[in-house]
Amino acid sequence: MKLNWSRRGFLGTLTAIAGSFFVPPRLLGAKPAQRESAASLTGFGQSGDPYQELGVATVINAEGTMTMLGGSLIRAEVEAVMAQAARHFVSIPGLEAAAGKRIAQMLKLPEGYSALVTSGAAGAIQSGLAGILTGDNESFIKQLPDLTGMKSEAADTPPVSHLWDYADMGYDLVTFSGGKVLRGPQCAGLLIGREDLVHFALLNNSPYEDTLGRGQKVGKEEIVGMIKALELYLNEDHDALAREWQQRLDTVSRQITKIPGVSTSFFTPDIANHVPHMQITWDAKISLTPQQVSQTLRAGQPSIVIGGGEGRPGLAMSSFMLQPGEEQIIADQLVKVLREHSA
Ligand SMILES: *Cc1c(COP(=O)(O)O)cnc(C)c1O
């Protein structure tokens, strides 16, 4: 049985599990009544740029949503709701259940399906799989990763196939990363699926002690922030966004193709970062390898990250994580580097 929740709107666009653009840095906890505002911060963070204070350079991300670069940029509205969540104590299992119910409504999940906010997509896979193995059997839960006595194949090998078997049969469990194109909390993800399996997954996860997933802690802030991120994502005009991403690429293309020998073409990868990309190639008139261009941009000021060609010649850039105006910085830097090495 295939689930019938807005696949085009949610699963479809989410095959692009990735991406975003920058939001001006705002500080969590900036607005509670009895707390100091960001403006009155002294000490660390007073400059408004904690990275600079630490001496860690920020980069312009023209590659994609990569955990290594910090995933994506959280939406300001998500930050605001997370700050609200930070002001109170609450039962985490109770909050997870309520959030699951709300997310199920938002996604119009069929009866008997629910959702769980996890520490990420990888965390969702681990607790989802653990739940399949243990059910609500408390001694099984405590015993993992020892599979003795559980219904599994080959006790030495994690029976990952369980997950895919279920998925192939009709998506009993599906996971998403919150810190990619959803632009939610960076250390959050979603496990969506059969209510019983989702419940078993939570039993194998923090806040419960003595579970394999105790290290995959999910805070009240992430749980609440994930709901907001999902709400905003579902209400987004995805076509308009795709047009905006394409326009940014066109801006760069127009300027760099004025250099003799430079050409561009456009493609959208089928999976992973399923968004408009631009391939940039040049002929022998320019004495640089794609790797050299990429390294020069990375070492520049500001530092720009542009990936290899996704299996194609030349460079490949995406624009879906750029802040407004960054496409022009990239165009300027590319023109400079390519012209400097033109015959
Ligand atoms: C980031 C990513 C993951 C992992 O998600 P986490 O939330 O970081 O665990 C899995 N698949 C794809 C396609 C990703 O981009």
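The values are calculated or read from the model by the stated rules, or taken from the named source; none is laboratory data. None of these values were measured; they are calculated from a predicted model. Virtual Cβ from ideal backbone geometry, glycine too; neighbours counted across all protein chains shown. In case anyone asks, the SASA skips ligands and DNA or RNA and just uses the protein heavy atoms, side chains included. Shrake-Rupley method; radii C 1.70, N 1.55, O 1.52, S 1.80 Å.
So for 196, 270, what's the accessible-area order with a 1.4 Å probe, most first?
Output order, biggest surface exposure first: 270, 196.
How long are the semi-axes of the equivalent ellipsoid of the stretch 72-135, defined as square roots of 5 times the Cα gyration tensor eigenvalues? Whole Å, largest first.
Working from the Cα gyration tensor, I get semi-axes of 23, 15, 14 Å.
Evaluate the charge dipole of the stretch 208-296 about its Cα centre and quote only its size in Debye, nearest 20, assuming +1 on the Cβ of each Lys and Arg and -1 on the Cβ of each Asp and Glu.
Value, rounded to 20: 480 debye.
Would you mind telling me the share, in percent, of accessible area of the stretch 213-329 contributed by carbon and sulfur at probe 1.4 angstrom?
The value for the stretch 213-329 is 49 percent carbon and sulfur by accessible area.
Ratio of Rg to Rh for the stretch 190-229, alpha carbon only, Kirkwood?
For the stretch 190-229, the value is 0.99.
What are the semi-axes of the equivalent ellipsoid of the stretch 57-106, taken as the square roots of 5 times the eigenvalues of the Cα gyration tensor, listed largest first and rounded to whole Å?
30, 15, 10
Can you give the accessible area of residue 75 in Å² (nearest 10), computed on protein heavy atoms with a 1.4 Å probe?
Counting only protein heavy atoms, residue 75 exposes about 20 Å² to solvent.
Subtract the Cα-Cα distance of residue 250 and residue 284 from 0.36 nm times their separation in residues, and report this length gain in nm to one decimal.
9.9 nm
Going through the cross-link list 151/217; 180/217; 180/220; 258/285; 108/151, which pairs have a Cα-Cα distance over 22 Å in this structure?
151/217; 108/151
Calculate the FRET efficiency for residue 148 and residue 87 from the Cβ-Cβ distance with a Förster distance of 56 Å, rounded to the nearest 0.05.
0.80
So what is the diffusion coefficient of the stretch 300-343 in µm² per second by Stokes-Einstein at 4 °C and 1.567 mPa s, using a Kirkwood Rh over Cα pairs?
111 µm²/s
Test of understanding: what is the full-extension gain from residue 136 to residue 209, defined as 0.36 nm times their sequence separation minus their Cα-Cα distance?
Length gained between residue 136 and residue 209: 24.8 nm.
Can you pull the one-decimal nm distance between simple spin-label points at residue 235 and residue 41, each 7 Å off the Cα toward Cβ?
About 2.7 nm, to one decimal.
Rolling a 1.4 angstrom probe over the protein chains, ignoring ligands and nucleic acids, what is the accessible area of residue 266 in square angstrom, nearest 10?
Per-residue accessible area (residue 266): approximately 90 Å².
For the stretch 207-216, take each phi angle, set θ = phi - 60°, evaluate the Karplus expression 6.51 cos²θ - 1.76 cosθ + 1.60, and give the result in whole Hz per residue in order, putting x for glycine and proline.
x, 6, 6, 6, 10, 4, x, 4, x, 9
Net charge around residue 187, counting only other residues with Cβ within less than 14 Å of its Cβ (Lys, Arg = +1; Asp, Glu = -1)?
Neighbourhood net charge equals +1.
Putting +1 on Lys and Arg Cβ atoms and -1 on Asp and Glu Cβ atoms, find which of 268, 245, 282 reaches farthest to the positive end of the dipole of the stretch 233-282.
The Cα lying farthest towards the positive end belongs to 282.
Between residue 196 and residue 77, how many nm apart are label points set 7 Å from Cα along the C-beta direction?
3.7 nm
Once the whole set of protein chains is in place, how much accessible area is left on residue 199, using a 1.4 Å probe, in Å² to the nearest 10?
100 Å²
What does the net charge come to around residue 263 if you take all other residues with beta carbon closer than 13 Å to its beta carbon, with K and R at +1 and D and E at -1?
Counting the neighbours of residue 263, the net charge comes to +3.
Largest first, what is the accessible-area ranking of 101, 228, 142 with a 1.4 Å probe?
So the residues, ranked largest to smallest area, are 101, 142, 228.
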